[in-house]
Ligand code: HEC
Ligand code: HEC
């Protein structure tokens, strides 16, 4: 009898026990608002995104028919790359993730590209990316019966591989289709978002919670990696040593010559602050992929940021925030809680 009474008393108590304090200061970081709506006149037409998905996964765009967008932007890595590659003579460039790419406010590591559509074309006519020439890539689309038909039924005109204006128009249309596909790559809520919404202790382990405290507390990472994207989208100089030489002098006729930056000429250290969502899936790190894992990045923030010769020469004011190994581990645990929930399988492979 006594046991029963105790049980009866304990059970309702347990049900009322608060599930732990709220995740303090998570407002502003979560939830992730929907990506800005597309202004494309065909937005909402599922055929546009499906065409983009076909283009994304075809190896036909590359000069040797062996490489697709997905070879570098790998679906199993939040559409980022496993290794940095050379592009346009810029030196090694890390392949950024494309999950969440529609939320950026500027594109490419330089932050110089102001539309997702334009960013999608970065590989066209770039020897280091898709290889070959712009006309040869466009010829593949024009000569592929299936792609050309999709193209014509969407845009009312066939894809063209000759004539300057027609090539430009075809390129714009391909950019629109690719962007429409990428706009669908919105990752689901991360463990961090779940904890912020549910305020439940059990969702986020103690180390990740301490890491979040440090992130917006003493380490002040949120000064730049703030907001729901964990980036303010601004370009800035961290004084990373030995940035590779930037190559200039693209053919001014190159329709993508805009990728070049006057900005870089005056300060080659300027890099867009990357989002930290999905960051655990996107090694290697930094614009040139110089760090193999998150520990190396965090040690850089703890020990050397702002202390390099380059940082001093370029007047970088960012200071290292010394952190213990445990604090570094806490920050890493927090960053790992930012992995988004997996995308539906049909978005991660070629259509059909
Ligand atoms: C050889 C590897 C490679 C291939 C193939 C490739 N990319 Fe990329 N992609 C990169 C690299 C490297 C960057 C970053 C370059 C930079 O910022 O200078 C990038 C950047 C991007 C960005 C900008 C992301 C951001 O956060 O700003 C988009 C969008 C993109 N690629 C889409 C595509 C599409 C679409 C294709 C296929 C038509 C493609 N990429 C093919 C390596 C590749
Ligand atoms: C002054 C602005 C600023 C502050 C403060 C800052 N970051 Fe960064 N962070 C950047 C920029 C800019 C880059 C890109 C640098 C590059 O690629 O050369 C970056 C890159 C990173 C990367 C690599 C991401 C990737 O995809 O390659 C991680 C991880 C990161 N920061 C975490 C942190 C953490 C954790 C803190 C706090 C200890 C922090 N950052 C503080 C601006 C900042």
Note to self: Of the residues 191, 164, 168, 152, only one is surrounded by fewer than 21 Cβ atoms within 10 Å (Cβ to Cβ), more than 19 Å from residue 67 (Cα to Cα) and touching a helix residue (DSSP H, G or I) at 6+ places or on another chain (Cβ under 9 Å); which?
What the structure shows: 191
Next item on the list: Could you list, in sequence order, all residues of segment 305-315 that are in a helix (DSSP H, G or I) and either exposed (fewer than 15 other Cβ atoms within 10 Å of the Cβ) or without any contact (Cβ under 8 Å) to a residue 12 or more places away in the chain (or both)?
Entry: 309, 312, 313
Check: Which condition number does residue 110 fail, the rest of (1) touching a helix residue (DSSP H, G or I) at 6+ places or on another chain (Cβ under 9 Å); (2) more than 16 Å from ligand 2 (Cβ to nearest atom); (3) farther than 17 Å from residue 181 by Cα; (4) in contact (Cβ under 8 Å) with a residue 60 or more places away in the chain being met?
Finding: (2)
Next item on the list: Return a yes/no flag: does segment 73-90 have any residue that is more than 18 Å from the chain's Cα centre (by Cα), near ligand 1 (Cβ under 10 Å from one of its atoms) and part of a loop (DSSP other than H, G, I, E, B).
Entry: yes
Notebook entry, point to check: Which of (1) in the same structural domain as residue 235 (by TED's automatic domain parsing); (2) modelled with pLDDT under 90 is the odd one out, the single condition residue 294 does not satisfy?
Noted result: (2)
Check: With 226, 289 as the choices, which residue is at pLDDT 50 or above, assigned by TED's automatic domain parsing to the domain that holds residue 208, within 11 Å of ligand 2 (Cβ to nearest atom) and more than 18 Å from residue 334 (Cα to Cα)?
Finding: 289
Notebook entry, point to check: Of the residues that sit in segment 91-105 and are touching a helix residue (DSSP H, G or I) at 6+ places or on another chain (Cβ under 9 Å) and part of a loop (DSSP other than H, G, I, E, B), which one is nearest to residue 230 (Cα to Cα)?
Noted result: 104
Next item on the list: Return only the number of the condition from (1) surrounded by fewer than 19 Cβ atoms within 10 Å (Cβ to Cβ); (2) away from ligand 2 (no atom under 16 Å from the Cβ) that residue 49 does not satisfy.
Entry: (1)
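The values are calculated or read from the model by the stated rules, or taken from the named source; none is laboratory data. As the structure is a computational prediction, the values presented were derived from the model and not from experiment. No Cβ is skipped: glycine too gets one built from the backbone with ideal geometry, and neighbour counts run over all protein chains shown.
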